Amino acid sequence: MNWITNYVRPRINSIFSRREVPENLWQKCDECGTMLFHRELAENQNVCTQCDHHMAITPRERFNHLFDGGIFTEVAVPAPKEDPLHFRDQKKYPERMRAAQKKTGEKEAMLVAKGEIGRTPIVAAAQDFSFMGGSMGMYVGNAIIAAAQEAVKLKRPLILFSAAGGARMQEGILSLMQMPRTTVAVEMLKEANLPYIVVLTHPTTGGVTASYAMLGDVHISEPNALICFAGPRVIEQTIREKLPDGFQRAEYLLDHGMLDRVTKRTEMRDELITITRMLMNQPPAIKGDLPAPTPDETAKVAQAEETGKNEHQDI
Ligand SMILES: [Zn+2]
């Protein structure tokens, strides 16, 4: 026994064994309360395996499931001027930004990428609700414009996943200006005859619903997503009337003609492949590999060819 075995080795072991155990192995479903194993939950794209409740998913995780083999290239977004209004509430705006960047590991509230889905090349943009409520500021505006320009340049459809609490109040009027800017970006796609598909996720509200999230050629939503301009509480207080059950939820909006489809997250990729291929005039995707011919059939074909040749020779 010496200093190394008595002191150094236990210290090293304790450091490494601590790292091996992740802090949150289990996550509780907000809807049914089931404890879900983190790996199982991630494999199921953050959808509860018991009650199908759709939990939040980051744009990066979403893209890992969306693109073929999880392979995609990020599209660069020009950085806007930082804190143009020198806004301050309880904290300074740059401080809030840094906290959000640290929490999410992302630069801003939208991620733009290009890649293939079912061998169809696309450009995709996804909004991150965990980054300051996915709020639409100048960066989000720039991201949508960059995505639309990339789609037009490469002649690819654009698929956008929306999730937002509305405009970013720290940027005041400049955030509201993103509504006409993004509308022009969508117009660019339409002029180039390229499909623009919007997948609305929980929650999509405020200025986002009033601009690019409602301008798609096809609108698909995840189940039970809240989609509105003003929230149900505000409406209830204004009109002083009880609102119907499920008001402003995806299924309610589907019934009232605001959406084309409500699709589970786990089935979304296949649905998007079908829609993009259809709109891009491509044949339907082949699911899985084509079945290999059985030995019997190959033998028959070879035999038929052989007899065919013989017959030909006879003639
Ligand atoms: Zn559940």
- Members of the range 49-74 found to be without any contact (Cβ under 8 Å) to a residue 40 or more places away in the chain and within 10 Å of the ligand (Cβ to nearest atom), listed by number: 49, 50, 51, 55
- Note on the structure: The condition from (1) away from the ligand (no atom under 16 Å from the Cβ); (2) modelled with pLDDT under 95 that residue 93 misses is numbered (2)
- Taking into account only those residues within the range 108-124 that are without any contact (Cβ under 8 Å) to a residue 60 or more places away in the chain, within 13 Å of the chain's Cα centre (by Cα) and not in a loop (DSSP other than H, G, I, E, B), which is surrounded by the most Cβ atoms within 10 Å (Cβ to Cβ)? 110
- Quick one: residue 14 ticks every box in (1) surrounded by 11 or more Cβ atoms within 10 Å (Cβ to Cβ); (2) hydroxyl-bearing (Ser, Thr, Tyr); (3) modelled with pLDDT under 95 except a single one, so which number is it? (1)
- When residue 26 is run through (1) within 16 Å of the ligand (Cβ to nearest atom); (2) exposed (fewer than 12 other Cβ atoms within 10 Å of the Cβ); (3) at pLDDT 95 or above, the failure sits at (3)
- Filter result for the condition that a residue is modelled with pLDDT of 95 or more and either assigned by TED's automatic domain parsing to the domain that holds residue 164 or among the acidic types (Asp, Glu) (or both), over 241, 271: 271
- Would you check if there is a residue in the range 142-155 being closer than 30 Å to residue 287 by Cα, assigned by TED's automatic domain parsing to the domain that holds residue 272, in a helix (DSSP H, G or I) and β-branched (Val, Ile, Thr)? yes
- Task: Could you please find all residues in the range 156-196 being part of a strand (DSSP E or B) and not aliphatic (A, V, I, L, M)?
- Result: 161, 162, 196
- Query: Is there any pair with a first residue in the range 239-267 that is within 15 Å of residue 224 (Cα to Cα) and a second that is at pLDDT 95 or above and part of a helix (DSSP H, G or I) whose Cβ atoms are under 7 Å apart and which are 6 or more apart or on different chains, and what are they?
  - Reply: 246/252; 259/250; 259/253; 262/250; 262/251; 262/254; 263/271
- Query: residue 241: farther than 30 Å from residue 281 by Cα and crowded, with 21+ Cβ neighbours inside 10 Å, yes or no?
  - Reply: no
- Working only within the range 197-219, note down all residues that are among the polar types (S, T, N, Q) and either part of a loop (DSSP other than H, G, I, E, B) or over 21 Å from residue 53 (Cα atoms) (or both). 205, 209, 211
- Looking only at the range 227-235, decide whether some residue is within 20 Å of residue 59 (Cα to Cα), in contact with a helix residue (DSSP H, G or I) (Cβ under 9 Å, 6 or more places away or on another chain) and either of a type in the set (Ser, Thr, Tyr) or in the same structural domain as residue 161 (by TED's automatic domain parsing) (or both). yes
- Message: I'd like to check which helices (runs of 4 or more DSSP H) are fully inside the range 220-285 and have at least 1 residues that are under 16 Å from the mean Cα position of the chain (by Cα) and aliphatic (A, V, I, L, M).
- Response: 265-279
- Query: Do you know which of the residues in the range 30-45 that are surrounded by 14 or more Cβ atoms within 10 Å (Cβ to Cβ) and near the ligand (Cβ under 8 Å from one of its atoms) is farthest from residue 58 (Cα to Cα)?
  - Reply: 34
- Task: Consider residue 223 carefully, then state whether it is at pLDDT below 90 and either in the same structural domain as residue 152 (by TED's automatic domain parsing) or loosely packed, with under 14 Cβ neighbours inside 10 Å (or both).
- Result: no
- Any hit, the range 66-88, residues being among the charged types (D, E, K, R), under 15 Å from the mean Cα position of the chain (by Cα) and either surrounded by 13 or more Cβ atoms within 10 Å (Cβ to Cβ) or at pLDDT 95 or above (or both): yes
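The values are calculated or read from the model by the stated rules, or taken from the named source; none is laboratory data. This is a predicted model, so every value here is computed, not measured. Ideal geometry is used to build each Cβ from the backbone, glycine not excepted, and the neighbour counts take in all protein chains shown.
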